[in-house]
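Visitor: Dropping a structure here in structure tokens format, bear with me for questions.
No value in this document is a laboratory result; all are computed from the given coordinates. As the structure is a computational prediction, the values presented were derived from the model and not from experiment. Backbone-built Cβ (ideal geometry, glycine too); neighbour counts: all protein chains shown.
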Amino acid sequence: MRSIQAFQAAAPGSGLELVTVERRELRPDDVAVRVTHCGVCHTDLHAVSSQDPNAFPVVPGHEFVGEVAAVGASVTEFAVGDPVAVGNIVDSCGVCAMCVAGQENFCAEFPTLTYGGRDRVDGSRTLGGYSGEYVVRDRFVYHRPAGLDPAAVAPLMCAGITVWEPLRRWQVGPGSRVGVVGLGGLGHLAVKLAHALGAQVTVFTTSPGKADDARALGADHVVVSTDPSAMAAVANSLDLVVDTVSAAHDLTPYLGVVALDGTLCSVGHLGPIDIETMALLIGRKSLASGGSGGRPHTQELLDFCGEHGITADVEVVPSREVGTALERLGRNDVRYRFVLDLADLG
Ligand code: NAP
Ligand code: ZN
């Protein structure tokens, strides 16, 4: 086994501690990635804050970059030293209809999540990227685009792909009218990507102080969602609204801004919701969701970001400040993604 340093929460309420964990020895199709930077996703905060004892121990982190440290005997796509990126899925069955369609994120056997999942071979619990090294099957490792800041690429691997999938599915392009709800890690990348695809972008925020940032990121309009008259002014006007809010909330006001035959895609806080079907009936609106992305779309996103020079706006912090980063994320004090510098683990 490979002994690695990692930030782990042992039990509900315990917080993260730097400990030694074991990674498997490389299988023939494995790649060992020396992790240099890992984004801090709100999902990590949901995970560490969980009250479910079965969800622990947890090493969070599912959007990271680094260099290849070693490769298994049958790996041909990667060599030691290659700059790479890994996202929130590290394996899938590879043969179900979803996998064959390139939607490994919806694998019929459920994809193996980067942390909190079960390894498909030995059944061990997967431990995430808040660590010095990660061992992953080669199919779920991606070449990093050249010329982009590695720290700012890391968030593309979860935040980025999660919003890229709906933008592509609903064929966002020049002339599309796109709304983005919540200007956080996912939201700010949705704005950049939708703008780069040529869409007219409207940001819905609860934070009036983010309006200037939203415009600088590419938004054409900013609506403070707590202002009913501002919401009414954009009623029935958007083709696709991507909701990235991290807390449970009423979706009805956001269905209200969707245009005829348009879609509200809720990718943020997932859980039971009540919907008044009249909000769907009037205007024949659709409500959808999404999670992560498949391998082809992930590569497509990385290529697109390389071509357009798109990365996340990040605040890079020493890995030992992970607790502060999570605490600040919890009070919406981030512009717009924390990234841990894990090269400092040595
Ligand atoms: P984040 O950086 O914290 O951004 C969330 C944004 O939501 C905040 O910046 C804030 O935007 C808004 N917000 C927060 N609390 C709110 C509240 N009580 N009411 C209304 N708005 C609120 O989080 P993130 O990393 O982007 O993640 C967003 C959500 O997506 C999380 O729940 C995460 O678990 C989930 N997620 C899902 C997937 C997936 O595959 N489906 C992947 C990654 C993340 P404003 O200040 O602009 O209002
Ligand atoms: Zn995430």
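Visitor: Take peptides 131-143, 24-36 and line them up by average Cβ neighbours within 10 Å, highest first, as a rough protection proxy. Display every interim value, and only then the final one.
Guide: Details: 131-143: 22.2, 24-36: 19.0.
Highest to lowest by the protection proxy: 131-143, 24-36.
Visitor: Between segment 290-346 and segment 169-192, what is the separation of their alpha carbon centroids in Å?
Guide: Value for the Cα centre distance between the two parts: 17 Å.
Visitor: If you put +1 on each Lys and Arg Cβ and -1 on each Asp and Glu Cβ, how big is the dipole of segment 159-289 around its Cα centre, in Debye rounded to 20?
Guide: Here the size comes out at about 320 debye.
Visitor: Can you run phi through the Karplus equation (6.51, -1.76, 1.60; θ = phi - 60°) for segment 6-11 and list ³J(HN,Hα) in whole Hz, with x for Gly and Pro?
Guide: Rounded to whole hertz, the list is 8, 8, 10, 9, 7, 7.
Visitor: Once phi is turned into θ = phi - 60°, what whole-Hz ³J(HN,Hα) does the Karplus curve with 6.51, -1.76 and 1.60 give for every residue of segment 19-36, x standing for Gly and Pro?
Guide: 9, 9, 10, 9, 9, 5, 5, 5, 7, x, 9, 9, 10, 9, 10, 7, 7, 9
Visitor: Next up: Please determine, in degrees from 0 to 90 and to the nearest 10, the orientation of helix 159-169 with respect to the longest principal axis defined by the Cα atoms of the chain, where the helix direction is its Cα long axis.
Guide: 50
Visitor: Excluding G175 itself, what net charge comes from residues whose Cβ is under 14 Å from its Cβ, given Lys and Arg +1 and Asp and Glu -1?
Guide: Taking every Cβ under 14 Å from that of G175, the sum is -1.
Visitor: Dividing the convex hull volume of the Cα atoms of segment 91-182 by its residue count, what figure in Å³ per residue is obtained?
Guide: Each residue corresponds to 158 Å³ of Cα convex hull volume.
Visitor: Rounded, prolate or oblate: which fits segment 159-289, taking a ≥ b ≥ c as square roots of the Cα gyration tensor eigenvalues, rounded meaning a/c under 1.5, else prolate when a/b beats b/c?
Guide: rounded
Visitor: Based on the mean of other beta carbon atoms within 10 Å per residue, what is the order of 145-151, 275-281, most packed first?
Guide: The densest-packed peptide leads the list: 145-151, 275-281.
Visitor: Note the angle between two axes, namely the Cα long axis of helix 295-308 and the longest principal axis of the Cα atoms of the chain, as a number of degrees from 0 to 90, rounded to the nearest 10.
Guide: Between helix and principal axis, roughly 70 degrees.
Visitor: I'd like the Kirkwood hydrodynamic radius of the chain, using the inverse of the mean 1/r over distinct C-alpha pairs, in Å. Could you put the intermediate results ahead of the total?
Guide: On the way: mean 1/r = 0.0490 Å⁻¹.
Roughly 20.4 Å, rounded to one decimal.
Visitor: Let me ask another. Of the peptides 288-296, 187-195, 91-99, how do they stack up when ordered by the mean number of other Cβ atoms within 10 Å, highest first?
Guide: Order by mean packing, descending: 187-195, 288-296, 91-99.
Visitor: Using helices alone, what [θ] at 222 nm do you get for the chain, with -39,500 (n - 2.57) per DSSP H run of 4 or more residues, divided over all residues and rounded to the nearest 500?
Guide: Theoretical 222 nm ellipticity from helices: -6000 deg cm²/dmol.
Visitor: OK, next. Return the whole-Å distance between the Cα centroid of segment 1-64 and the Cα centroid of segment 205-270.
Guide: Measuring centre to centre over Cα atoms gives 33 Å.
Visitor: Rounded, prolate or oblate: which fits segment 275-346 when a ≥ b ≥ c are the square roots of the eigenvalues of the alpha-carbon gyration tensor, with rounded for a/c under 1.5 and prolate only if a/b beats b/c? Intermediate values should be presented prior to the final figure.
Guide: On the way: a/c = 3.00, a/b = 1.59, b/c = 1.89.
Verdict is oblate for segment 275-346.
Visitor: Using amide H atoms built 1.01 Å from N in the peptide plane, name the residues 5+ places from T126, or on other chains, whose amide H lies under 5 Å from its own.
Guide: Residues meeting the amide H criterion: G116, G117, R118, D119.
Visitor: Same structure again: Check S246: other-chain or 5+ apart residues with amide H under 5 Å from its amide H, H built from backbone geometry?
Guide: H269
Visitor: Right, something else. Could you work out which residue, out of E104, E315, E327, moves most in a Gaussian network model of the chain, that is, has the largest mean-square fluctuation with Cα springs under 10 Å?
Guide: Among E104, E315, E327, the largest mean-square fluctuation in the Gaussian network model of the chain belongs to E327.
Visitor: With charges set only on the Cβ (+1 for Lys and Arg, -1 for Asp and Glu), what does the dipole of the chain come to about its Cα centre, in debye to the nearest 20?
Guide: The dipole magnitude comes to about 280 debye.
Visitor: If you don't mind, there's one more thing I want to ask. Can you give me the relative contact order of the chain as a percent, contacts being Cα pairs under 8 Å and 6 or more apart?
Guide: On the way: 823 pairs, mean separation 61.9, N = 346.
After rounding, I find 18 percent.
Visitor: Let me ask you something else. Check R23: other-chain or 5+ apart residues with amide H under 5 Å from its amide H, H built from backbone geometry?
Guide: Correct list: R2, S3, I4.
Visitor: I've got another one for you. Farthest toward the dipole's positive end in segment 1-103, which of V80, A47, P12, given Cβ charges of +1 (Lys, Arg) and -1 (Asp, Glu) about the Cα centre?
Guide: It is P12.
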